Amino acid sequence: MAFSSACAPRAVVLSSMLAAQKGGSSSLSNPADNLRSAPQARPFSYKKHSHLRKADEISSVFDFKCRISAPHFVVLGKPNGLAFPRLGIMVAKKTARLSVSRNYMRRVVREQFRAQQDEIAPLDIVVRVTKSFNRQGFAAITQELSAIFVKIRKCQNS
């Protein structure tokens, strides 16, 4: 059976993959080997262990009383005794009526935390959004959050 010119490259790739699986030499590597050698976790990921989820965890941060205020946020911090920071985000319905707006604000805060989590001290951090913001003020909000995450280090020594 003859292959047309359109099928020839596919046949070459398939035959070289079969030769590699049988132990023969091939210029192509096995895709499964590439998956095994890839890093398992991204360095700037936001894992479940980085979330403050339980009411007790969040209320203990409020009880610690180390806070930083900014025009759009009130940020509270407490040392957590772990090797990494954890984050809780609160956006009240009073701040933004539409859930789309509240979710956008949470996404922006979470993204800034994710990008800077290696530079943040190992604290439990609760960010409370006090003033609504939207996409037009994104640059100002990211600068504000970056400054807050630097200032929150004072809570580590309290």
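For region 53-68, a residue qualifies if it is touching a Ser or Thr at 6+ places or on another chain (Cβ under 8 Å) and open to solvent by 50 Å² or more (accessible area, probe 1.4 Å), and exactly one does: F64. Among the residues of region 81-123, the one identified as surrounded by fewer than 13 Cβ atoms within 10 Å (Cβ to Cβ), within 13 Å of the chain's Cα centre (by Cα) and without any contact (Cβ under 8 Å) to a residue 24 or more places away in the chain is R107. Take Q136 and tell me if it is closer than 22 Å to V61 by Cβ and open to solvent by 10 Å² or more (accessible area, probe 1.4 Å). In short, no. For S60, state whether it is touching a Lys or Arg at 6+ places or on another chain (Cβ under 8 Å), assigned to a helix (DSSP H, G or I) and among the small types (G, A, S). The answer is yes for S60.
Answer with yes or no whether A70 is under 25 Å from N134 (Cβ atoms) and either touching a residue at least 24 places away in the same chain (Cβ under 8 Å) or not β-branched (V, I, T) (or both). Yes: the conditions hold for A70. Would you call V109 assigned to a helix (DSSP H, G or I) and in contact with a Leu (Cβ under 7 Å, 6 or more places away or on another chain)? Answer is yes for this residue.
Checking each residue in region 63-83 for being out of contact with any Asp or Glu (no Cβ under 9 Å at 6 or more places or on another chain) and outside any helix (DSSP H, G or I) picks out K65, C66, R67, I68, S69, V74, V75, G81, A83.
The values are calculated or read from the model by the stated rules, or taken from the named source; none is laboratory data. Remember, predicted model here, so these are calculated numbers, not experimental data. Quick reminder, even Gly has a Cβ in these numbers, built from the backbone with ideal geometry, and neighbours come from all protein chains shown. Ligands, DNA and RNA are excluded from the accessible area calculation, which covers all protein heavy atoms including side chains. Shrake-Rupley method; radii C 1.70, N 1.55, O 1.52, S 1.80 Å.
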